[in-house]
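S.K.: Pasting a structure below so you can have a look.
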Amino acid sequence: MNKFDFSNIKSKLQLLTKEDIEKIHSSAIKILEKTGIMFDNKEALKIFNENGFEVNFEKKIVKINEEAIKEAIIKAPSKIIIYDRNGKEALFLEENNVYYNPGSAAINILDIETNNIRKPTSKDLEKFSILVDSLSYIHAQSTALIVSDVPKIISDRYRLYIILKNAIKPIITGAFTIDGLHDMIRMLNVVTDGKVHEKPIAIFDVCPSPPLMWSEITSQNLIDCARYMVPAEIVPMPLSGATSPVTLAGTIVQHTAEALSGVVLSQIVNPKAPIIYGGSPAIFDMRYGTTPMGAIETIMIDCSYSLIGKYYGLPTHAYLGLSDSKIVDIQAGFESTIGIILGALTGINVISGPGMIDFESCQSMEKLVIDNEVCGMALRLIKGMNVTEDTLAIELIEKIGPGGQFLTSKHTLEWFKKELFIPSGIIDRLERKAWIEKNQKDCIQRAKEIVRKILEENKPKRLEPEKEEELNRIIKNSIKRYEDK
Amino acid sequence: MSNLILLNKIAKAVVDLNDKEVKELVEEALKIGVNPIEIIEEGLSKGLKEVGLLYEKGEYYIPHLMIAAEIFKENIEKLKPFLSTKETKSKTLGKVLIGTVKGDLHDLGKNLVAIMLSINGFEVIDLGKDVPTELFIEKIKEHNPDVLGLSALMSTTMYEQKNIIKALEDSGLRSKVKVIVGGAPVTKEWAEEIGADGYAENAIEAVKIVKNLLKKND
């Protein structure tokens, strides 16, 4: 992809015009030049200072000029390939390629048997990773649950440990601590035979704190990711009306400024460091003080800032496919579907969120299985209409003629799997009589059955014993480090 | 204008979120010698309470609450020089020291809790965000609050809540103050695990929890 190029934007859904993008871009630059952005991290301030940026050490504010921003965007790679645990190319983050992965870091899980929420355990995450590995349209794992049965201080690396041990797909993750990231890189190096910088199998989320701030930990995580040449996903999370202007355009301006500041830091630490233009913004519900992820305006903000990322020629990411509903119900279905579909039409490369309910706090395995189906439909949608001589099928229509049928023609056999999305058991297309005979189950009951069946039939894809041993050692060491303290 | 009409006007101006008018009316009341305590109770607090009610009815939204609280705070500051400390103390339901723990730059939720507590008649001392443990301890010694509120938005910083409770124990202050914790990743179980006295999901809940905790105290 070219940099600063409107022709990068081939999205089927374009909520911003070329002029809008120009205005947002120049407004964000104005903010970074004039007001600057705060980095609550000594090393970040030092790096900026040494590279000739205007730094106010007392206020921890860095001012970033247009030239530096342009330079960073031009240096940052346009294409990032993410590998799976077997070293196979899995995600091509560029152009309008769309990949889904579950929402991350849920503090709760909706128990499939009791329908109650509870604290997730390591076992839950293990099951969850097996489920994700078996779902066709969920392309990557995520450290989806914060497990409650290990000490909180090591839970960032422990989540990664569980997934690396049990599943193959690439991983979207993040560190909660400064040294957590280093341990996690060590683990990834074990799995990739020391090649994490060449063949990344994980992406790290790093989140600025709105408005216009970076905390000590996330600044350091961003610096360290750049040093390791490990893909970092910048995830600004402005809340319209609360920690950013209530107007959607204003929120996108702030998002742009926060994201760009991260791109600049990563590229001055290490030119060409892989960086993904992401985010998890939301509007702010003025009645309850909540941050609805399923709100149409939240989705509009996501689909808009992604176009800015495309204009910069960077891979993009967003949190879509989540619902604010507390249970898996119709609200969960329609809110998630709107996000999944509009995100696909925008051509966002990494879409995180499926499975998630209760804003960003609770994972549901049955919802993940339902969302997987919607992701499949969305991917079918963006494949679009295939209009060729063969698909127009004039000769065939003439051959079959009035009153004939197409079911037994070779053309049907050849094309139906390419043209039609074949749903799983989630979607019911039986006629009523057959449905009644089949126990009259609704979509959620069917989803639960599918989850149980997948977990019964699929075993964990275990890592080689020597590598697992090495991971155990890293985890044990990090536990010991905290015990000694 | 009789005092009562003037005080009602102040309350109404607070409800209308008309900061300019509130300011002028408070000045006028002071000038004609209305007791500052009355200005607060029958004017500003009454208005703020009405704002709270409108919010609960669904007619007002969070921005209304925040703006009303700001008007309230500004005018209280102006009235403070006219009040004796004894008077203020007897008029509040209790004192709450509140802050977002070290390493955490988020303070939206904490601010809402502070506002809801002030609306409901508590004296709130807000230490802001990114507050180190030592400062919490120092300020508890200085202000002697009834309740300490600790906010953390990130799963990393909620660990700090535990450290602060431990520091309270170590410095012998734990029995003198009730501790409530809150923030997105914080749960009832976490509150229990770290030995907090209470946990609230949201700002309205927080007021109920604080009221309950102080009742038990009596």
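Derivation of every value follows stated rules applied to the coordinates shown; laboratory data play no part. This one's a predicted model, so the numbers in the text were calculated from it and none came from an experiment. Don't worry about glycine lacking a Cβ; one is built from the backbone with ideal geometry, like all the others, and counts go over all protein chains shown.
S.K.: Using a Cα-Cα cut-off of under 12 Å, which aspartates and glutamates could be cross-linked to A:K383, ignoring same-chain neighbours fewer than 8 residues away?
M.R.: Those aspartates and glutamates meeting the cut-off are A:E419.
S.K.: Could you calculate the FRET efficiency of A:N386 with A:I427 from 1/(1 + (r/R0)^6), where r is the beta carbon distance between them and R0 is 25 Å, rounded to 0.05? Before the final figure, lay out each step's value.
M.R.: Values: r = 22 Å, r/R0 = 0.90.
My answer for the efficiency is 0.65.
S.K.: With a point put 7 Å past each Cα toward its Cβ, work out how far B:E70 is from A:D484 in nm, to one decimal.
M.R.: Those two pseudo-labels are separated by 5.0 nm.
S.K.: Taking every DSSP beta bridge with both residues inside the protein assembly as shown, roughly what % is antiparallel (nearest 5)? Let's see the in-between values first.
M.R.: Numbers: 14 of 57 bridges.
Bridges in the protein assembly as shown that DSSP calls antiparallel: roughly 25 percent.
S.K.: Rounded to two decimal places and with Rh computed the Kirkwood way over Cα pairs, what is Rg over Rh for chain B? Walk me through the numbers on the way to the answer.
M.R.: Values: Rg = 18.1 Å, Rh = 18.0 Å.
Ratio of gyration radius to Kirkwood radius for chain B: 1.00.
S.K.: Kindly provide the helix-only [θ] at 222 nm of chain A, computed as the sum of -39,500 (n - 2.57) over DSSP H runs of four or more divided by all residues, to the nearest 500 deg cm²/dmol? Kindly include the intermediate steps, with their values, before the conclusion.
M.R.: Details: 17 runs with 224 residues, N = 485.
Mean residue ellipticity, 222 nm, calculated: -14500 deg cm²/dmol.
S.K.: Here is a follow-up. What helices does chain A have that are whole DSSP H segments, at least 15 Å long along their own axis by Cα, and with mean Kyte-Doolittle hydropathy of 1.0 or more?
M.R.: Numbers: long enough: A:18-34 (24 Å, -0.64); A:122-134 (19 Å, -0.12); A:155-166 (17 Å, -0.56); A:178-191 (21 Å, 0.73); A:216-228 (18 Å, -0.32); A:248-269 (32 Å, 1.14); A:296-311 (23 Å, 0.62); A:330-346 (24 Å, 1.27); A:365-383 (27 Å, 0.54); A:443-457 (21 Å, -0.33); A:465-484 (28 Å, -1.76).
Helix filter hits for chain A: A:248-269, A:330-346.
S.K.: For chain B, give the magnitude of the charge dipole about the Cα centre (Cβ charges: +1 Lys/Arg, -1 Asp/Glu; no others), in debye to the nearest 20. Can you show the working numbers first?
M.R.: Numbers: 30 positive and 35 negative charges, 98 e Å.
In total the dipole reaches around 480 debye.
S.K.: Take every residue in peptide B:149-161, count the Cβ atoms of other chains within 10 Å of its Cβ, and give the average of those counts. Don't skip to the answer; put the middle values down first.
M.R.: On the way: counts 0, 0, 0, 0, 1, 7, 7, 12, 3, 2, 5, 0, 0.
Rounded to a whole number, the mean comes out at 3.
S.K.: Could I ask something else about it? Ordered by packing density, taken as the mean number of other Cβ atoms within 10 Å over each peptide's residues, highest first, how do A:297-303, A:63-69 rank?
M.R.: Values: A:297-303: 23.6, A:63-69: 17.0.
The densest-packed peptide leads the list: A:297-303, A:63-69.
S.K.: Among the aspartates and glutamates, which have Cα under 14 Å from the Cα of B:K178 when same-chain residues fewer than 8 positions away are ignored?
M.R.: B:D146, B:E169, B:E192, B:D197, B:D218
S.K.: Quick one: if you stick a label point 7 Å off each Cα along the C-beta vector at A:E43 and A:K12, how many nm between them?
M.R.: Going from the A:E43 label point to the A:K12 one covers 4.4 nm.
S.K.: Within region A:28-175, what percent of beta bridges assigned by DSSP are antiparallel, to the nearest 5?
M.R.: About 80 percent, rounded to the nearest 5.
S.K.: Additional query: Find how much the distance from A:I436 to A:E113 grows on full extension, using 0.36 nm per residue of separation minus their present alpha carbon separation; answer in nm with one decimal.
M.R.: On the way: separation 323, 0.36 × 323 = 116.28 nm, distance 2.36 nm.
Going from the current span to full extension adds 113.9 nm.
S.K.: If each of B:T92 and A:R452 carries a label point 7 Å out from its Cα toward its Cβ, how far apart are those two points in nm?
M.R.: My value for the distance between the label points is 5.7 nm.
S.K.: Identify, among B:V14, B:F122, B:L108, the residue whose Cα sits farthest towards the positive end of the charge dipole of region B:1-157, taking +1 on the Cβ of Lys and Arg and -1 on the Cβ of Asp and Glu, with the dipole about the Cα centre.
M.R.: So the residue furthest toward the plus end is B:F122.
S.K.: Here is a follow-up. Taking the Kirkwood radius as the inverse of the mean 1/r across Cα pairs, report the Rg/Rh of region A:266-374. Could you put the intermediate results ahead of the total?
M.R.: Working: Rg = 14.6 Å, Rh = 14.3 Å.
My calculation puts Rg/Rh at 1.03.
S.K.: Would you grab the residues whose amide H sits under 5 Å from the one on A:E233? Only those 5+ places off in sequence or on another chain, please, with H modelled 1.01 Å from N.
M.R.: The list, which skips near neighbours in sequence, is A:F204, A:D205, A:V206, A:I276.
S.K.: So, one more: Could you pull out every residue, at least 5 positions away or on a different chain, whose amide H is within less than 5 Å of the one on B:V179? Hs are placed 1.01 Å off N in the peptide plane, and Pro or chain starts have none.
M.R.: For B:V179, whose amide H was placed from the backbone, the distant partners under 5 Å are B:L148, B:D197, B:G198.
S.K.: Under 5 Å between amide H atoms, partner at least 5 residues away or on a different chain: which partners does A:S142 have, H built in plane at 1.01 Å?
M.R.: Placed amide hydrogens put A:I172 under 5 Å from A:S142.
S.K.: While we're looking at this one, here's another question. As a quick test, which of the pairs A:K410/A:K448; B:K12/B:K211; A:K199/A:K461; B:K129/B:K166; A:K165/A:K417 have an alpha carbon distance above 31 angstrom in this structure?
M.R.: Numbers: A:K410/A:K448 37 Å; B:K12/B:K211 27 Å; A:K199/A:K461 20 Å; B:K129/B:K166 20 Å; A:K165/A:K417 35 Å.
Check vs 31 Å cut-off fails for A:K410/A:K448; A:K165/A:K417.
S.K.: Any of B:K23/B:K46; B:K57/B:K110; A:K12/A:K453; A:K127/A:K433; A:K34/A:K75; A:K88/A:K480 with alpha carbons more than 26 Å apart? Name them for me. All intermediate terms of the calculation are to be shown ahead of the outcome.
M.R.: Working: B:K23/B:K46 16 Å; B:K57/B:K110 22 Å; A:K12/A:K453 37 Å; A:K127/A:K433 35 Å; A:K34/A:K75 24 Å; A:K88/A:K480 34 Å.
Over 26 Å apart, Cα to Cα: A:K12/A:K453; A:K127/A:K433; A:K88/A:K480.
S.K.: Please give the charge dipole size of the protein assembly as shown, origin at the Cα centre, charges +1 on K and R Cβ atoms and -1 on D and E Cβ atoms. Round to the nearest 20 debye.
M.R.: It comes to approximately 780 debye.
S.K.: At 0.36 nm per residue, and after removing the present C-alpha to C-alpha distance, how many nm does the segment from B:L173 to B:E41 gain when stretched out fully? It would help to have the intermediate numbers written out before the result.
M.R.: On the way: separation 132, 0.36 × 132 = 47.52 nm, distance 3.25 nm.
Net length gain for the segment: 44.3 nm.
S.K.: Right, here's the next one. Using the Kyte-Doolittle scale, find the helices of chain B whose mean hydropathy is at least -0.5 and whose Cα atoms extend 20 Å or more along the helix's long axis, counting only whole DSSP H runs.
M.R.: Details: long enough: B:62-79 (26 Å, 0.41); B:203-217 (21 Å, 0.17).
The answer, listed by residue number, is B:62-79, B:203-217.
S.K.: If you take the charge dipole of region A:51-116 about its Cα centre, with +1 on Lys and Arg Cβ and -1 on Asp and Glu Cβ, which of A:G87, A:I112, A:F53 is farthest toward its positive end?
M.R.: Of the candidates, A:F53 comes out farthest on the positive side.
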